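Working notes, beginning with the structure itself.
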């Protein structure tokens, strides 16, 4: 008879849930994870990781078609699409089993099945009912429960994934063959990455966005550069766009798109719908509890507490920003609070966001516009990668680094980057923002030469009137 | 845990100094930023500030001791209720003190030798862990708002003071302040509190000390400027003729020289009063008050008695422009044996300045104005200015002050002595 009574039961084994379990085990709490599908959640299996594997392939494809500039010549370059997809799946599988191993090492049992809250025992412990694919359901008892059930693609009426013409991210990750013509609806991180992947693999791609600009949460200037660069790469972009109902034919699907006062019918092989996500709040036992749900997300306070004592919600389930690293950080904070440690609430303006299109986009904190809306008098610094030696040497001159400082205090309010490797560099600004460094410390920091990161230094100097190389 | 307070180095080259004065006594409670003692070198006087809070348990080096080597323990700081350990029994040998530039004080219009830049925020600290841990942003906001970080509780990792902590203090503090001081009740038209700069704090402290501790008296005399201005015109014309227009003498340059000449004639004014005796200076190092946007500073024309008018003029110009740019070196505004504060350019009739300790006197110069003067039995028109000497009566008596003023008047009215 295995153990069924724990200090903590975590429902969901994604980057929120499994990290919560690992941290709880470190702190000496007896912990279990309930997972219905794959350990690692969407992130490892159907999100962050497999898309990065695909995008890597598309970057290689791009480079193979751009060899001349570097002095190379290659003929009859081709790829095996099935192999590219298989590699992406293999990476996911490897990581998922890595999570399984980590939990085993931490002595955290994993209950495979669908977990839900199921009331309270006579002595006040939470009950979690685990329904299994086969066999009888099992009940676990726990002092504390963390809900980490994540989220799934939002589905617009008429655009339900059908596996044939309409894809969500899930189908888009495991295509049987390369679509020749593709329409991507939604230009957030997910839509933009798929548009970038398929375009760099050679598909004809149209990207439509209902907002006035693509990547609407990014700084306007960054959006504008991305827009221009995507168009240069051959992606067709329609903003302020409204879509009609898809008309499915035998071989293709057509959809009416209204943009710029004109309506046209676009015919493609596949449509990828990437219009946001909804929280997985169904069937997890919230009914009849004091736990509130607002627009598919569980309402929590700054320490991830729900309306029920001893029940917490973290990650995508608990609301934006929908990022794996936000889920993991909430997991650690939440568990440490349960263990009685002093914790610090998350400040969303210190959470970086990355989009792995080509060129990459990364940002943290306030955009220039949002800083002004918040009442700051700002100082803005900009540095184009065109003026950076390493970027030129790499053949990656497209990009911009932009900093936004509070003029009154020198606080780094935000940083916005587009260009090669910026997703690897944004952490520098995140450290600065988290450690509350001012322009003085950043200016005094010696950046290595030659690196693209020198541009981050220059963008700080530029905000204070002193970029050296531009 | 008891910690030793070490003799600080006031400059990278300092090896020893004089422990001039203990500001705190044994048994006094000290908080971070309190001035514990004053240290003197041949170049400057500096204050030793506490970084930690605690009780000054034992003074190890008596005040007035000269030649105290840097890093010698000078006192022991203990926590409240803690026994003072025997000498040499303290564990840590880290410095609990920082030195900040001291500032010979000032006159109402101008005359504080304050550093133009804000004093560095105390950072390094001891093994007791009482160092103030704060983010750079929190430090800057605290400085801008005039908050003492020692009074702020940190909520960041390991108790680090972060932005939200100093923001919270601001939000909660004003209520208590208003309650505590009716005198600060805002005027009906609305008032705003501008936090003090370091320079403003230094001015306030030094001048209060001067007025509280130095028994002032004031002597005025009228001086005719016509001869001096005629000489100035000739000298400037001569310089121009030589194609040397860069050194146009100002009236102020000549008054610096005249003061130096008078100091040589009446050397007892060129003195510091100390408890041990009168410190009489050989050279006339004249501190000249320069007003800044927010305060004032007194750069020094050294050995003005042995310098030519041209040298004085060049030096004064350079000092004044660098003072306004905040680029003076400490030794350029620390020290001095006598001060001049000139408000002639503002058209004032007369004024009295506050003595700039440890100096014994300061000369307040008002505007020169054309006015009728009785000469023999005739009335003529002359350019007359009123100068007022403020004097530390401990060092200089009234008759001496009057002698000095007469010597000064003679130097100005018969100005050839300025070029000899």
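Read-outs throughout are calculated quantities, based only on the coordinates presented, and are distinct from any laboratory measurement. Being a predicted model, the structure only gives us computed values, none of them experimental. Counting neighbours? That spans all protein chains shown, and the Cβs are built from the backbone with ideal geometry, glycine included.
Relative contact order for chain A: what percent, with Cα pairs under 8 Å and sequence separation of 6 or more?
Normalised by residue count, the contact order of chain A is 13 percent.
Rounded to the nearest 500 deg cm²/dmol, what is the calculated helix-only ellipticity per residue at 222 nm for chain A, with -39500 (n - 2.57) per DSSP H run of length n ≥ 4?
Taken over chain A, the calculation gives -9500 deg cm²/dmol.
Could you please state, rounded to a whole Å, how far the C-alpha centre of the range A:344-378 is from the C-alpha centre of the range A:242-296?
The distance from the Cα centre of the range A:344-378 to that of the range A:242-296 comes to 27 Å.
Taking a label point 7 Å from the Cα of residue B:238 along the Cα→Cβ vector, which residues of the range B:393-420 have an amide N closer than 18 Å to it?
B:411-420
If I model a spin label at residue A:342 and residue B:397 as a point 7 Å from the Cα along the Cα→Cβ vector, what separation in nanometres do I get?
The two pseudo-label positions are separated by 6.6 nm.
If the chain between residue A:62 and residue A:211 were fully stretched, how many nm would it gain, using 0.36 nm times the residue separation less the Cα-Cα distance?
50.8 nm
Among A:101, B:281, A:457, A:416, what is the fewest-to-most ranking by other Cβ atoms within 10 Å?
A:101, B:281, A:457, A:416
Tell me the label-point distance for the pair residue A:289, residue B:416, using the 7 Å Cα-to-Cβ offset, in nm and rounded to one decimal.
10.5 nm
Please report the spacing between the Cα centers of the range A:115-194 and the range B:364-420 in Å, no decimals.
Spelled out, the Cα-based centre of one part sits 95 Å from the other.
Assuming R0 = 22 Å, what is the FRET efficiency of residue B:196 and residue B:158, from their Cβ-Cβ distance, to the nearest 0.05?
According to the calculation, E is roughly 0.10.
Can you give the extra length, in nm with one decimal, that the chain gains between residue A:82 and residue A:132 once fully stretched, where that is 0.36 nm per residue apart less the Cα-Cα distance?
14.7 nm
If each residue of separation counts as 0.36 nm, what is the full-extension length gain between residue A:141 and residue A:302 once their alpha-carbon separation is subtracted?
55.4 nm
Within the range A:162-180, whose backbone N sits under 14 Å from a point 7 Å along Cα→Cβ of residue A:248?
The answer is A:162-168, whose backbone nitrogens lie closer than 14 Å to the label point.
For an R0 of 25 angstrom, estimate the FRET efficiency from the Cβ-Cβ distance between residue A:204 and residue A:176 and round to the nearest 0.05.
In this case the efficiency is close to 0.85.
Determine, for A:18, B:346, A:356, A:464, the number of other Cβ atoms within 10 Å of each Cβ, and report the residues in order from fewest to most.
Listed from fewest to most nearby Cβ atoms, that is B:346, A:464, A:356, A:18.
Say a paramagnetic label sat at a point 7 Å from the Cα of residue B:308, along Cα to Cβ; which residues of the range B:222-243 have their backbone N under 18 Å from it?
B:231-243
Starting from the Cα of residue A:265, step 7 Å along the direction of its Cβ; do the same at residue B:325; then give the gap between the two resulting points in nm.
7.5 nm
For B:345, B:229, B:254, A:425, what ranking results if the residue with the fewest other Cβ atoms within 10 Å of its Cβ goes first?
Lowest count first: B:345, B:229, A:425, B:254.
For the protein assembly as shown, what is the convex hull volume of its Cα atoms per residue in Å³?
Dividing the Cα hull volume of the protein assembly as shown by its residues yields 275 Å³.
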